[in-house]
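Below is one structure, written out as structure tokens; the observations come after it.
The values are calculated or read from the model by the stated rules, or taken from the named source; none is laboratory data. Values in this document were obtained by computation on a predicted structure and should not be read as measured data. When we count neighbours, we look across all protein chains shown, and the Cβ atoms used for this are built from the backbone with ideal geometry, even at glycine.
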Amino acid sequence: MDVRVVIIILQSVISLTYLLIALCWVLPLTRLDDFREHTFAIRAELFDYADSGKIKFDDPAYRLLRQSMNGFIRYAHQLSFFRVCMAILIWKAVGEPELEWTTKWKKALASVKDENVRRDLIAFHDKASSLAAERLVLGSPILIILLILCLIFVVFRAGLVSLRSAVKKASTELTAKIIDPRLLDEEAAKAAS
């Protein structure tokens, strides 16, 4: 073999090795850090919201929402399509358990007197759930393909406002069709406990 061919082969092998390291190690760690950072930001917004006096820190709705976000942060490295499928299979095999967190959340929301505060708390929950759905979908090649199909459907149905909002909406809709969103909340609450 010619020396040039050997050098090209070595360069190709080294480049492919770096590419594999980036795709299999650096990218997942970066996605994990990004998810946690955005969830921390939403949790900080929630804290500032309570600090402004709109809701008390010991209010059950605030505490449950904070517990859910803490669970998402702690549970983030386990939030994958495979693990969620396994949780669903376990739920189906054992029988669907009582959705403890969801029941407490609905009861706590019902006890919030101010409609604006209730709406704001639901918005905080939706932001955190949307982030979790996005992380779940964009971490699975199977779900990415389904996301693209769902994204095309969303774009044609509602029109393209922005790519970021279309991806969020499509990932949330896709996750809701495949996985009961309450499952993510229940798993996050367990992780936070």
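Of all residues assigned to region 94-103, at least one qualifies as being at pLDDT below 95, part of a helix (DSSP H, G or I), hydrophobic (A, V, I, L, M, F, W, C) and surrounded by 17 or more Cβ atoms within 10 Å (Cβ to Cβ).
Taking every residue in region 163-192 that is under 19 Å from residue 140 (Cα atoms) and pairing it with any residue that is at pLDDT 75 or above and acidic (Asp, Glu), at least 6 positions away or on another chain, the pairs with Cβ-Cβ distances below 8 Å are 167/134; 168/134; 171/134; 172/134. Within the option set 73, 55, 90, 42, being in contact (Cβ under 8 Å) with a residue 60 or more places away in the chain, among the aliphatic types (A, V, I, L, M) and not in a loop (DSSP other than H, G, I, E, B) holds for one residue only, 42. Can you spot a residue in region 148-164 that is at pLDDT 75 or above and within 22 Å of residue 92 (Cα to Cα)? The answer is no; no qualifying residue exists. Could you grab me the full set of residues in region 104-145 that are surrounded by fewer than 16 Cβ atoms within 10 Å (Cβ to Cβ), assigned to a helix (DSSP H, G or I) and modelled with pLDDT of 90 or more? Across region 104-145, the qualifying residues are 106, 107, 110, 111, 115, 116, 119, 122, 123, 126. Here residue 61 fits the description: under 25 Å from residue 136 (Cβ atoms), more than 17 Å from the chain's Cα centre (by Cα), modelled with pLDDT of 90 or more and in a helix (DSSP H, G or I). Every condition in (1) of a type outside the set (Val, Ile, Thr); (2) out of contact with any helix residue (DSSP H, G or I) (no Cβ under 6 Å at 6 or more places or on another chain); (3) under 13 Å from residue 186 (Cβ atoms) holds for residue 67 except the one numbered (2).
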